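These notes are about the structure you will find just below.
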Amino acid sequence: MSMAAAMMLAASGQGWAEQPAGTPLFEVSAVDRDTVPPGTPEAFSAIFGLSLNSEAVRVVDEQNISFVPLSFIPLGGGRVALVSTGASECDGHSCSGVNSVHYLLREERYAPYKIEGEWLDVGTGGTFGNPAERWGWSDAIAEAPVLYTEGGGVWQGYACSTAALTELTPQGPVEIASIPIYYSSTGADEINGITLEGKIVSAEKGRSFTVAYSGARSFSERYVRGADGRYALSGETQVPGC
């Protein structure tokens, strides 16, 4: 749907009107496990205990996972979510790291953090024991903030990445969508290989969002929220899989 058509529908009270496309809704950036974000050590210590360089090991699914803090996401009412990433001791191609989310409450400015919830395997990860490669968050998709985690790998020259959207509801993180976000076959076919990359560019909060793809071809795909709370693609994706 064109911007002009969407605006006409909105003005007439008919149909749906997404936020205008343009700047991606998520400010997605590379996960930096070597830098401790300001303000996170105190919260990280409240969760994992005192540790050197804000790094702690937990056992998740019988694997030693090394966690480091990534960022805070505000939840309102004095609550924040601390997102951390965990690298697995298993460094095989089929092994994946994890991402954790902890809900914390600070009732007063200098009061200690109270842990209100812990989830040690949230979103998506990569291969060779790595957690998410890229991340971001937005309040434009659903009523609660939505965490974006992206990860993938390379299989016989074909590279694929998937983004998971996780709504940070008051009851805890809930995955609401899984999106093919990157594909490249140039490693398998240097002459005829293609590359596609997607970005979430618009949304009707709580109802739908649109992913715009660029590269070998330009097209958009729309995801609509169902009765179960998940967003599902309308139709079949044009993005090949690995």
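Per q in 0.24, 0.28 Å⁻¹, report the Debye log10 I(q)/I(0) for the stretch 115-175, using one uniform scatterer on each alpha carbon and no solvent.
So the normalised log intensities are -0.97, -1.15.
Any idea how far the Cα center of the stretch 25-98 sits from the one of the stretch 193-236, in Å?
Cα centroid of the stretch 25-98 versus Cα centroid of the stretch 193-236: 28 Å apart.
Probe of 1.4 angstrom, ligands and nucleic acids ignored: what's the accessible area per residue over the chain, in square angstrom?
51 Å²
Round to a whole number: what % of the accessible area of the stretch 109-198 belongs to carbon and sulfur, probe 1.4 Å?
49 percent
Summing +1 for each Lys or Arg and -1 for each Asp or Glu, what net charge is found among the other residues whose Cβ lies under 15 Å from the Cβ of Val31?
Here the count lands on -4.
For the chain, what's the relative contact order in percent, using C-alpha pairs closer than 8 Å and at least 6 residues apart?
Computed value for the chain: 14 percent relative contact order.
Calculated from DSSP H runs of 4 or more alone, at -39500 (n - 2.57) each and per residue, what is the 222 nm mean residue ellipticity of the chain, nearest 500?
-2500 deg cm²/dmol
What is the ratio of the Cα radius of gyration of the chain to 2.2 N^0.38 Å, with N the residue count, to two decimals?
Here the Cα radius of gyration is 1.09 times the empirical estimate.
Label-point separation (nm) for Thr35 and Thr169, each offset 7 Å from Cα along Cα-to-Cβ?
With each label placed 7 Å out from Cα toward Cβ, I get 3.4 nm.
Quick one: how many Å² of Trp119 are accessible to a 1.4 Å probe, rounded to 10?
70 Å²
Which longest uninterrupted range of the chain lacks any GluC sites (Glu not before Pro) assigned by DSSP to a loop state (not H, G, I, E or B) and surrounded by at most 15 other Cβ atoms within 10 Å?
144-189
So what's the angle, to the nearest 10 degrees on a 0 to 90 scale, between helix 3-12 and the longest Cα principal axis of the chain?
The helix 3-12 is inclined about 90 degrees to the chain.
The values are calculated or read from the model by the stated rules, or taken from the named source; none is laboratory data. Just so we're clear, the structure is a prediction, and the values are computed from it rather than from any experiment. Methodologically, a virtual Cβ is constructed for each residue, glycine included, from the backbone with ideal geometry; neighbour enumeration extends over all protein chains shown. The area values use the complete protein model at the heavy-atom level, side chains included, leaving out ligands, DNA and RNA. Shrake-Rupley method; radii C 1.70, N 1.55, O 1.52, S 1.80 Å.
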